[in-house]
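Notes for the one structure printed next.
The values are calculated or read from the model by the stated rules, or taken from the named source; none is laboratory data. Please read all numbers here as calculations on a predicted model, not as lab measurements. Every residue, glycine among them, receives a Cβ derived from its backbone with ideal geometry; neighbour counts consider all protein chains shown. Heavy atoms of the whole protein, side chains included, go into the accessibility calculation; ligands, DNA and RNA do not. Shrake-Rupley method; radii C 1.70, N 1.55, O 1.52, S 1.80 Å.
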2 protein chains.
Amino acid sequence: MVGSLIYIFLTQMVHVIGSAPGEPIHPEVRKFCSSGPKWNITLTAEEARLPIIYVVTPTYRRPEMVAELTRLGQTLTMVKRIHWLVAEDSPACSPVIASLLHRLGLPFTHLATPMPEVYRRERYVPRGVSNRRAALQWVKEEGHDHGVLFFLDDDNAIDVRLFEEMRHTKTVSMWPVGLIGDYTVSSPVVRDGKVVSFYDGWPAGRKFQVDMAGFAVGVGYIKKQKRPTMPYIAGYEEDGFLKSLNLTLKDIEVRANGCTEVLVWHTRTAKNPTRAIRLPPDKHTHDNIRGLVENMKHMGMIK
Amino acid sequence: MVGSLIYIFLTQMVHVIGSAPGEPIHPEVRKFCSSGPKWNITLTAEEARLPIIYVVTPTYRRPEMVAELTRLGQTLTMVKRIHWLVAEDSPACSPVIASLLHRLGLPFTHLATPMPEVYRRERYVPRGVSNRRAALQWVKEEGHDHGVLFFLDDDNAIDVRLFEEMRHTKTVSMWPVGLIGDYTVSSPVVRDGKVVSFYDGWPAGRKFQVDMAGFAVGVGYIKKQKRPTMPYIAGYEEDGFLKSLNLTLKDIEVRANGCTEVLVWHTRTAKNPTRAIRLPPDKHTHDNIRGLVENMKHMGMIK
């Protein structure tokens, strides 16, 4: 705890010398790779009036990547009027994700947004920040004013009913997230229909004690802010982002039956080691295994 | 390795004294709870001709249970002509799963199939066996002859295209499963369109070195067998089951582009501790947190 306070202090000092806390002191590279259809052909008039939900998912190459994105992407195809922004922590967009996105058939934007090298050396790596910052920029420039921004990690689990809860967010809407820390949940505390504080096992000096999957933001509201941003400070991404929106507790829109229902979970998938598989030259020359191993390399499952 | 061989030898000896290896020496309790609609109302004539896929998912109460079943169940609603058998390792069916099943709207059967206590004390607990045995019995009695049986754990990830690969299985169809053991995959080795052996990091004396999610079986084929069964021997469930079907390698139907594509992954979700949350009597009496904690108890997320 003391260690992490010292860490935060030092990190913030470094940034204060450069600019605002958590603002990058090294350049960020953002590569736009491709975008899918903006409209479903079968969009009804009623659907066309629905605000678009921009779902932002940071990801990175590892054995589980394709499994996670397949599972999550399939879920998103069940949701009306969604736009999926997949941002890879990589200097280039991977063909396997590109083909997955095209196959799913939902509107998407595919980005390559590598973390500046300096952050990889920090004690607590602010993973996913460069990705979300890039997506935030995209949404500010391309998003519909009546749309909604939602951050959803590739290994989280979501009940599709949550999308309708967040659909009409004007400022920031919030709800509980399951499987977080010491309380097994992180939730706003709601009294008389208003958020008054947070029920979260890791306060850590945060004004907004929420998980990344615990809120959505109106795109028009983001655009009205002077300097919406997400800091490169591990553990403080949500808090920093919501503070940059000049949000106050009384602006928060309460969802999920007064924040009593859990419709999204911070599940984490067990990691598998990334192996290099080299078949002996005299083995598997006349069967399927070489083709399978090639496919697994392509998917990032092995080196 | 030697330890597990000794374990297997001893386990098998115990069973040999009683009956066949891995056959239960203690009674199994099977409780049928409820069944959902057998037919979608909007079933087209073409759909009605499709073989039903009976997906068997064993589950048990833990903090991640509802997240996993929500995620998997939503995926299954994307698949035509499916019947989901959810079998709980519990003496009674939980209301939270019942309402989830009713809400999803897919044809289902809900069972309570607790593991006989004697197996909980074994060194390697044969988890999910009582559940799958019960589902197997249900499918033998109620399943359509041209239907297909498929075992899919609640934390696995599946590309929905795999369901069409397995749809027309007559005997047993097979394909690779990703994220398994030392090779990051388990797959049949296919030569000239036929399975000749297996590529799997844990041979362990098994004839069929496959994962539970790596095969599907024709219901008619199961019904033709004298004594289809799954043994209570951890690590040998698949092998024992396929042996009980009198399967030979040349009977196996090869899928997933000659077993070169990965369309299902043995993902595992990180476990969260099951906590007891007792709110102080003077706290949270006028807000949402008591209601939220009650809901979490109902979902099995906390004690």
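Of note:
- For the residue pairs A:K140/A:K207; A:K170/A:K194; A:K170/A:K224; B:K170/B:K223; B:K194/B:K224; B:K207/B:K243, alpha carbon separations beyond 18 Å are given by A:K140/A:K207; B:K194/B:K224.
- If you run the Gaussian network model on chain A, springs between alpha carbon atoms under 10 Å, then out of A:E28, A:E261, A:E142 the most flexible one is A:E142.
- Surface/4 estimate of mean projected area, convex hull on alpha-carbon atoms of the protein assembly as shown, nm²: 29.7 nm²
- When the Gaussian network model of chain A links Cα atoms closer than 10 Å, the mean-square fluctuations of A:M78, A:M65, A:M174 top out at A:M78.
- Per residue, the convex hull around the alpha carbon atoms of region A:160-303 comes to 170 Å³.
- Where A meets B: accessible area buried, both sides, 1.4 Å probe, Å²: 4800 Å²
- Each label was represented as a point 7 Å from its Cα along the Cα-to-Cβ direction; for B:R62 and A:A270 these points are 0.8 nm apart.
- Within the listed set B:N272, B:N156, B:N246, the residue fluctuating most in the Gaussian network model of chain B (springs between alpha-carbon atoms under 10 angstrom) is B:N272.
- A crude spin-label estimate for the pair A:V29 and B:E294, with each label 7 Å from Cα along the Cβ direction, gives 5.5 nm.
- Rounded to the nearest 10 degrees, the angle from helix A:95-104 to the longest Cα principal axis of chain A is 70 degrees.
- Out of every Cα-Cα pair that region B:28-272 contains, those further apart than 22 angstrom amount to 52 percent.
- Note on chain B: helix-only mean residue ellipticity at 222 nm, from DSSP H runs of 4+ residues weighted -39500 (n - 2.57) and normalised by residue number, equals -8500 deg cm²/dmol.
- Rg(Cα) / (2.2 N^0.38 Å) computed for region B:204-248, rounded to two decimals: 1.09
- Partner shielding of B:262-269 amounts to 6, given as the average count of beta-carbon atoms from other chains within 10 Å of each residue beta-carbon.
- Sites B:K223 and B:T77 - FRET efficiency at Förster radius 30 Å, r taken between beta-carbons, to 0.05: 0.60
- Amide H to amide H, with H built 1.01 Å from N, A:I302 comes under 5 Å of A:K297, counting only residues 5 or more places away or on other chains.
- Annotation for region A:68-101 versus region B:242-303: alpha-carbon center distance of 23 Å.
- For B:E142 and A:K303, the FRET efficiency from 1/(1 + (r/R0)^6), where r spans their Cβ atoms and R0 equals 45 Å, is about 0.45.
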